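This report concerns only the one structure given below.
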Amino acid sequence: MKKYIKLFFALGLIIIFSDSCSKKDAVSGLSVGNSFDLQAVGASAKDLLSANTYTTLVIEIQYMPGYQPDAAAVNNLVNYINLLANKPGGISVVQSALPSGAQSVYSLNQVDSIAKIYRTKYTSGSQIAINFLYVDGTYTTDNVLGFAYRNTSMALFGKKINTSSGGPGQVTRTKLESTILEHEMGHLLGLVNLGSPMQVNHEDATHEKHCTNSSCLMYWQVQTTGIMGPLMSGSIPTLDANCRADLQANGGK
């Protein structure tokens, strides 16, 4: 069995759980609004997976200076979504540059505020939209590379990604960025037990919303040797059979 790195899937630990009474995220305190794109992570899993309501998907990627996403990683993400989701009208990607946020560290609330200012693609008609924001700093928890924080929103910390990949003795940027994008997209698709109901129980009781299978893309950590690790010689982790079954049962392929 292949070994993978420990991607401190603090990447996926910062996810939104809706609080129907307070209309607040129970973890971060982000407001959960009535607008389609201001819901909790996983709330739109079925809409993203099936073609019942939305037949096309647009991925809006916005990035701060110096942190344009890796082209191969974006292509891997599109292939990954095509493998899992029924979008007969196709998947398109729109990229745009943003001004610098002019700070070295960003909080979840700051990321959310920036996205609200600059996001241009929203869900409407037969098209569902997701927004990926690359910021030019690190997160308040330094080892976090990225996270899904709303039903159609994800943030990636470009500075941390760049310093953790691409150099001597480091994993390639394509592998690292692909793993982050695909893991967090898994949360938007409702994994694990986050909008795509489990067909069998495979949620890690210690690390909620993650898979118990240590070789699965949705495991909370993948190996324990730090951010470099055996991903250098291995492949990008994939979803295991249980995660795939959850997505298929919720309208996916």
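Brief remarks follow.
- Using the empirical formula 2.2 N^0.38 Å as the baseline, the Cα radius of gyration of the stretch 9-249 reaches a ratio of 0.94.
- Listed from fewest to most Cβ neighbours within 10 Å, the set Leu57, Leu133 follows the order Leu57, Leu133.
- Net +/- balance of residues flanking Ser104 in space, Cβ distance below 9 Å, scoring K and R +1, D and E -1: 0
- In the stretch 9-249, the DSSP beta bridges split such that about 25 percent are antiparallel, to the nearest 5.
- Remark: Ser196, Ser50 ranked as Ser50, Ser196, counting other beta-carbon atoms within 10 Å and listing the fewest first.
- Per-residue Cβ neighbour rank within 10 angstrom, fewest leading, Tyr118, Tyr149: Tyr118, Tyr149
- Cut-off 12 Å between beta-carbons: net charge of the residues surrounding Asn193, Lys and Arg +1, Asp and Glu -1: -3
- Signed unit charges on C-beta, dipole axis of the stretch 45-158, positive-most listed residue Ile81, Thr123, Pro69: Thr123
- Positive minus negative residues near Gly251 (Lys, Arg vs Asp, Glu; Cβ under 14 Å): +2
- 3J(HN,Hα) along the stretch 152-162: 9, 9, 9, 10, 10, 9, x, 5, 5, 4, 5 Hz, from the Karplus curve 6.51 cos²θ - 1.76 cosθ + 1.60 with θ = phi - 60°, whole Hz, x for Gly and Pro.
Computed from the coordinates by the stated procedures, all read-outs in this text should not be read as laboratory data. Just so it is clear, the structure is predicted and the values come from calculations on it, not from any experiment. When we count neighbours, we look across all protein chains shown, and the Cβ atoms used for this are built from the backbone with ideal geometry, even at glycine.
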